[in-house]
Every structure is written in structure tokens, then in C-alpha cells.
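K.L.:
Before we start, here is the structure in question, set down as C-alpha cells.
The values are calculated or read from the model by the stated rules, or taken from the named source; none is laboratory data. Predicted model, so just to flag it, every value in this text is computed and none were measured. No Cβ is skipped: glycine too gets one built from the backbone with ideal geometry, and neighbour counts run over all protein chains shown.
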Amino acid sequence: MTSPESLNAPTTETPTTETPTSGTPTSGTPSTGTAGALEGTQRRTLVVLVIAQILGTISLGVTPTIGILLAGEVTDNEAWAGLARTSSTLGAALLGIPLGNLAARRGRRTALATGWWVAAAGAALLVVSAQFELVVPLFLGLLMTGAGTAASLQSRFAATDLAAPSTRARSLSLVVWMGAIGNVLGPNLGVPGEVLGATTGLSVYAAAFLIAAVASLLAGTVIFALLRPDPLLVLARRQAALAHDAAAGAPARLRRGERFRRMVAELRANRRARTALVALLTSQVVMVSLMTMTPVHIEHQGGSLTIVGLTISLHVAGMFGLSPVVGILVDRIGHRATISIGIAIFAGSLAAAIFAAGSLAGVMVSLVLLGLGWSFMNVAASALFATVIADRSRASAQGGADALSNLLGATTSFAAGPLMAATSFSALGAVAALLLVPICLLVLNPAHWRA
């Protein structure tokens, strides 16, 4: 059995507490029974997170399809519709840091439940927008649903709070994998929306978002009711016990802005955290840059909506389908090797995009590899970030990383359209290939992977 001391031994360059080494007797060191209790709490945490992730991502899966259609119908303007389509991503970027700070103050339970409930309120506004074709509720509702994306992303980090180092990546990847269920079911809510609409008198879009609102509400309720004990608070109390500092057993009450300054200071001092953040951001930007314009490119090539749907479905399968395998691989061969595999897969995807853009089969292969490359790099980078970040900065830094990832994703999505319009899909692939250069240089330098 993993010793209590090794479960949360400091792995960062700037640890906040000095943890006794394994086998050193101290009055504050938890017993083996405590380690067994931690394992039980971790299992319960994973079960609750998985249930909430499935429910919540059903709601999130509506936005890329029904949300886009609703934006086009309500705004009746391509420019405004494009802004509306990225509002949920911007919402995730804006709300990522506040939710991370809330977790640092009150724990994962409060932060994740709040995120899902804000998303539920946003989906309810979209019901109003869809039913009465109102523009303001459309933008506000899409922005608020971004809180659900932020909660979904932070759930994967919550899965690592009490995980043993040898299982941290697979715990994270399990929560990522479960999100695939919702992402597949969500885009198909139009069918039950038609049934519900016939019963309630709502339009199809309004009924679909009503189902999404209920799903987000249930996700938040599951978290709030069942995520006990809170994994982040358990970790804080355990670190306090190991450090003989009972006053640190609860999250510190810091002045406004102090958590942000700590997060920035952590990234400046922690080389491995910076490396993980670069890999995390690279995976998101490269994936979004190509995926965003693929439907338009397929349409220009004469592909049908069926081909578009199939291509995106295969892409999503590549993103999530092998997540548990990737998690196990990270735990066995390490973060650097797994990220290297992700780079190689990304390279294959971009090569297909550059040299086979005129073939629908080539584009489909490119998108499948794009999703798979994202899976390898994102899971490995997220696991590394969760491992090396100092406990005092943990929740805030994780929220900040997700916020920055979503902000860059939204920016890339905006830029991809004009870039492809001025050049081509192949040129878009070439630009995405250039974005891989920084992480390639980091992978080749062993110094960036040493503690």
C-alpha cells in the first residue's frame, strides 16, 4: 500500500510545507488507517465527479450544434453570429479564475457546484432567447454556460487532489473520458427537444436548452450533495497535519489579488509548471485552429452535412475515446514521453491537412489525428501541471491555466476564419505546425523536465 507520506510528497520546486520523509515518526503523521481512508475518499470523489461530468457535459454538448444554429437564427447576421458562437468559450475564460479562487477559499464542492448552477441559469436564459428570439439573453446565456465548461475542466484536476502519484494521470483521464458521453449525447438533444416542444409548446431549440438547464442543475446538485468530504479540503488538512501546522488545515483567507500574485510567482519559480502550461496551451490552440474551420472547408470541397457531422464525430472520438489509455501511459512512461507522442500525432495530422486538403478522406484522417494528438498532449500536460504545482497555488493556478487556455482558444477561433479566407486550409495547417515549435524545443531540453 502507498505510504501516507508518499501520497502527497512535495513535487514542486517551491513547496509550501516541509513534508516528513517516509518512515520518519512524527506526532502529526497520519497512520496507515488514514491512508486507507484517503483511498476510500478518492474512490468516492471519482464516482461523484464522473456522475456530474456525464450530466453536465450533456448540457455543454448542446452549444456547438444547437447553440450555433440558434445564434444564426436570432442574430440573422454572420458577424454577430460568429461572436455569439464563441461567447461560451469566452465565458469559460472569464470564469475559470474566479471558480479556481472559490475552490481555494471554499473547496472543490462549492466551486464546481457554483459553476454548474451558473451554467444552468445560462441555459435557462437561452430557453427565453430561443422562444422569443432575443439577442441580449442569447449572448448572456452563452457567456454563462461557459461556467459549465470551466467546472468540467476543473473537475479533472479535482480527481487528482487525493490521487496517489502512480495513479494521478489515470484518475484525471477517467473524468476527461466520461465527458465524451455528454459531448456525444448533447448535440442530439434536438430529437427529445421536438418531443418536449410538442408537449410544452416550446420551440425545438428552447426545449433542447431546457433539457440542458436541467442537466446542469442536476450536475451541480450531485456535486453539492455528494462531494463530501471535499477532496481539496482533505488535502489541505492533511498537509497541515504533516507540517504540524493546524492553522493551515483550512484554505487561507487571502486579500483580493493575493492568489493571483501567488499563481504568477509560482509559474515564475517553477520551471516544470511553465513547461506543463506551454504544452496545455499548445494542445488547445493547435486543435482549435484547424478544427474550427474544418466544416467550412468540407463544405467548400462539396462535402455534405452528413460528412461534416461524421468528421466532427470522429474528431471528438479521437479527443476522448482513448483518454484512459493515455492516462495509464502517462503513469507508466512519464509526462515528457507522452507529450512527445502527442507532438508526433499532431505532426501527422497537420501533414495531412497541408498535403491532402483537397481530399475529403485526407481531411477526415487529419481531424481524427488532431483529436488524438490533443488527447495525448492535453492529458499528459494536465497531469504534469497537477503534479508539480505547489499546494498553496493549486486551485487558483489550475483555474488560471484553464482560463488562459479558453481565452487563447477563443482568440484562435476568431483568427482562423479570416486567415483561411485570405489563404487556404493548407496554409492554416502550416500555421498550426509553427505553433508546435516551442513545445518541441522544450521536449528536446531535459532541463525543463527536472525538478
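K.L.:
Would you check if there is a residue in the stretch 381-397 being assigned by TED's automatic domain parsing to the domain that holds residue 322, closer than 15 Å to residue 320 by Cβ and buried (at least 24 other Cβ atoms within 10 Å of the Cβ)?
P.N.:
Yes - at least one qualifying residue is present in the stretch 381-397.
K.L.:
If you don't mind, there's one more thing I want to ask. With 225, 164, 159, 169 as the choices, which residue is more than 29 Å from residue 333 (Cβ to Cβ), out of contact with any strand residue (DSSP E or B) (no Cβ under 7 Å at 6 or more places or on another chain) and small (Gly, Ala, Ser)? Don't jump to the end; show me each part of the working.
P.N.:
Numbers: 164 fails: more than 29 Å from residue 333 (Cβ to Cβ); 159 fails: more than 29 Å from residue 333 (Cβ to Cβ); 169 fails: more than 29 Å from residue 333 (Cβ to Cβ).
That would be 225, the only listed residue that is more than 29 Å from residue 333 (Cβ to Cβ), out of contact with any strand residue (DSSP E or B) (no Cβ under 7 Å at 6 or more places or on another chain) and small (Gly, Ala, Ser).
K.L.:
A further question on this structure: Have a look at 328, 345, 341 and point out the one that is of a type in the set (A, V, I, L, M, F, W, C), within 17 Å of residue 362 (Cα to Cα) and in contact with a helix residue (DSSP H, G or I) (Cβ under 8 Å, 6 or more places away or on another chain).
P.N.:
Details: 328 fails: within 17 Å of residue 362 (Cα to Cα); 341 fails: within 17 Å of residue 362 (Cα to Cα).
It is 345.
K.L.:
Can you pull out every residue in the stretch 239-275 that is at pLDDT below 75, within 23 Å of residue 407 (Cβ to Cβ) and part of a loop (DSSP other than H, G, I, E, B)?
P.N.:
Listed by number, the residues that qualify are 256, 257.
K.L.:
Just name the residue that is modelled with the highest pLDDT out of those in the stretch 307-325 that are closer than 16 Å to residue 365 by Cα and hydroxyl-bearing (Ser, Thr, Tyr).
P.N.:
That would be 311.
K.L.:
Scanning for something touching a Phe, Trp or Tyr at 6+ places or on another chain (Cβ under 9 Å) and farther than 22 Å from residue 315 by Cα, does the stretch 155-168 turn up at least one residue?
P.N.:
Looking for residues that are touching a Phe, Trp or Tyr at 6+ places or on another chain (Cβ under 9 Å) and farther than 22 Å from residue 315 by Cα, one finds at least one in the stretch 155-168, hence yes.
K.L.:
If only one of 393, 366 is part of a helix (DSSP H, G or I), within 21 Å of residue 151 (Cα to Cα) and not hydrophobic (A, V, I, L, M, F, W, C), which one is it?
P.N.:
393
K.L.:
Is it the case that the stretch 191-206 has a residue that's touching an Asp or Glu at 6+ places or on another chain (Cβ under 6 Å), on the phi < 0 side of the Ramachandran plot and not assigned by TED's automatic domain parsing to the domain that holds residue 312?
P.N.:
Taking every residue of the stretch 191-206 in turn, at least one turns out to be touching an Asp or Glu at 6+ places or on another chain (Cβ under 6 Å), on the phi < 0 side of the Ramachandran plot and not assigned by TED's automatic domain parsing to the domain that holds residue 312.
Conditions (1) within 30 Å of residue 162 (Cβ to Cβ); (2) touching a residue at least 12 places away in the same chain (Cβ under 8 Å); (3) not assigned by TED's automatic domain parsing to the domain that holds residue 326, marked per residue:
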position: 356; (1), (2), (3): no, no, no
position: 361; (1), (2), (3): no, no, no
position: 364; (1), (2), (3): no, yes, no
position: 378; (1), (2), (3): yes, yes, no
position: 401; (1), (2), (3): yes, yes, no
position: 406; (1), (2), (3): yes, yes, no
position: 424; (1), (2), (3): no, yes, no
position: 440; (1), (2), (3): no, yes, no
position: 445; (1), (2), (3): no, no, no
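K.L.:
Modelled with pLDDT of 90 or more and more than 23 Å from the chain's Cα centre (by Cα): does that describe residue 203?
P.N.:
So residue 203 passes the test.
K.L.:
For the stretch 322-353, which positions are farther than 19 Å from residue 368 by Cβ and not hydrophobic (A, V, I, L, M, F, W, C)?
P.N.:
Result: 327, 331, 332, 334, 335, 336, 340.
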